[in-house]
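Accompanying notes for the structure given below.
The values are calculated or read from the model by the stated rules, or taken from the named source; none is laboratory data. Since we're looking at a predicted model, the values are computed, not measured. Here the Cβ positions follow ideal geometry from the backbone for every residue, glycine too, while neighbour counts run over all protein chains shown.
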Amino acid sequence: MKTRPGPPVIPSDRGKCPFDPPAEYARLRAEEPVSPITFQVAPKDPSGWLVTRHDLVRSILADERFSHRNELLAHVVAPPFPMTEYNPQPSPPGSFAKTDAPEHTKYRRLMAGHFTLRNVQRHEPELHRIVDEALEELAAEGSPADLVTGFADKVALRSTCSLMDVPAELMNGIQEHFSALMALTYTLEEFIHHVEAMDALIRPMIRERMAECGEDFFGRLAATGELSEEELVNMAVLTLAGALDTTPNMLALATFALLEHPDQLALLRGRPELYAQGAVDELLRYLTISHMGSSRCALEDVEIGGTTIKAGQTVVLSLPAANRDPEVFEDPDRLDVTRVPRKHLALGFGAHQCLGQHVARASLRIGLSKLFERFPTLRLAQPAEEVPLRDRAVHYGVDQLLVGWD
């Protein structure tokens, strides 16, 4: 396999089906589930490992001997500009996604209460309203329309504004800059611009919430007295921006997948209760938009699957490969909306499992069911092979999905 800057050397050729991970993963999972890879740029050891088997990926995700710290993993999804211009630094305070215990434990404890299943269920009536409103706007726009900008992006943005008490104009600004960063096509100057622009948008709001200590999400965090302004700003970047990338990608890509699997769509139309019973999780498993996987750095020598991972080495955990493991999922390359894939890893596992997983599931369940109910004749308005894919971005998805209806 050839090396290239940026993401690690992992299989990337998806073949003809836009929903299947690279076929090479199946061979590696069966023959060499812990396989060596070499990073072109790395702050420590340039040699690393690609893990593709479900049980091994799951065990590493929950193993505290592997770190998630930013300074150890900066080469895994590196910026597209030369690393000679980029000096990996420790994770900024509050950047909970790139910290370990005890810092991560503290941040997670403070935020988790807002994203409980019960709290998300209280948010669902508002989510229904948001989805209905977006669908009426899509209908008014007329057929054909782009489902990404006309529906998926709107639902994610408005739901986040409501759930976290954030002004829409601020979220629009964050979405513009964060989307540019997720595309991984920026220069060093553009990277600095987008990061500074998001800070300039978020910091005034955080200062206001710290002064008021109200009942909103960030106000309650500020009222704990456990967080500095810098920590709250960085926590806001991750929680707000993250919601604007993953959920709309899944909404649009899942719609694409269902339109291309009419037998499965017919099942959902006839039995909409399947969305809650397992269909949403099956779509998460089948599509696994975290197509570059997750990554950890060994803090000590660890034996995994008969291979010794040395301290300082990085392991890239292929979530798409793990979620197609035939030892865990029967006929894993088939989309089956009647399946209940309880062990899928699309939302991670262990201490860093997706904080907003209940919001994501609710958004997909409500968004998809209402979309196909509102437009019973929904169809692609462009050949499937011409749908532009986000195959070089941090998260997989579609850049545009033109749909039509009668």
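Results for (1) out of contact with any Ser or Thr (no Cβ under 9 Å at 6 or more places or on another chain); (2) crowded, with 20+ Cβ neighbours inside 10 Å; (3) not hydrophobic (A, V, I, L, M, F, W, C), shown as yes or no for each residue.
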site	(1), (2), (3)
320	no, yes, yes
323	no, yes, yes
328	yes, no, no
338	yes, no, yes
343	yes, no, yes
356	no, yes, yes
* Asked: Can you tell me which residue in segment 193-224 is surrounded by the fewest Cβ atoms within 10 Å (Cβ to Cβ), limited to those that are charged (D, E, K, R) and under 20 Å from residue 112 (Cβ atoms)?
  -> 215
* Asked: Are any residues in segment 331-370 more than 13 Å from the chain's Cα centre (by Cα), at pLDDT below 95 and not hydrophobic (A, V, I, L, M, F, W, C), and if so, which ones?
  -> 342, 350
* Asked: Can you spot a residue in segment 243-258 that is out of contact with any helix residue (DSSP H, G or I) (no Cβ under 6 Å at 6 or more places or on another chain), free of Cβ contacts under 8 Å to residues at least 40 places away in the same chain, over 18 Å from residue 359 (Cα atoms) and surrounded by 15 or more Cβ atoms within 10 Å (Cβ to Cβ)?
  -> no
* Can you work out which of the residues in segment 303-318 that are hydroxyl-bearing (Ser, Thr, Tyr) and within 16 Å of residue 68 (Cα to Cα) is surrounded by the most Cβ atoms within 10 Å (Cβ to Cβ)? => 318
* **Yes/no for residue 289 being out of contact with any strand residue (DSSP E or B) (no Cβ under 8 Å at 6 or more places or on another chain) and among the hydrophobic types (A, V, I, L, M, F, W, C)** => yes
* To do: Just need a number here: residues in segment 329-361 that are in a loop (DSSP other than H, G, I, E, B) and over 18 Å from residue 109 (Cα atoms).
  => 19
* Asked: Out of 235, 205, which single residue is under 22 Å from the mean Cα position of the chain (by Cα) and not in a loop (DSSP other than H, G, I, E, B)?
  -> 235
* To do: Just name the residue that is nearest to residue 184 (Cα to Cα) out of those in segment 376-404 that are crowded, with 18+ Cβ neighbours inside 10 Å and touching a Phe, Trp or Tyr at 6+ places or on another chain (Cβ under 7 Å).
  => 390
* Could you list, in sequence order, the residues of segment 238-266 that are outside any helix (DSSP H, G or I) and either on the phi > 0 side of the Ramachandran plot or modelled with pLDDT of 95 or more (or both)? -> 260, 261
* Asked: Can you tell me which residue in segment 215-232 is nearest to the chain's Cα centre (by Cα), limited to those that are free of Cβ contacts under 8 Å to residues at least 40 places away in the same chain and in a loop (DSSP other than H, G, I, E, B)?
  -> 215
* Structure fact -> Sole miss for residue 143 among (1) in a helix (DSSP H, G or I); (2) farther than 30 Å from residue 70 by Cα is condition (1)
* To do: Could you tell me whether any residue of segment 267-288 is touching a residue at least 12 places away in the same chain (Cβ under 8 Å), in contact with a Pro (Cβ under 9 Å, 6 or more places away or on another chain) and in a loop (DSSP other than H, G, I, E, B)?
  => yes
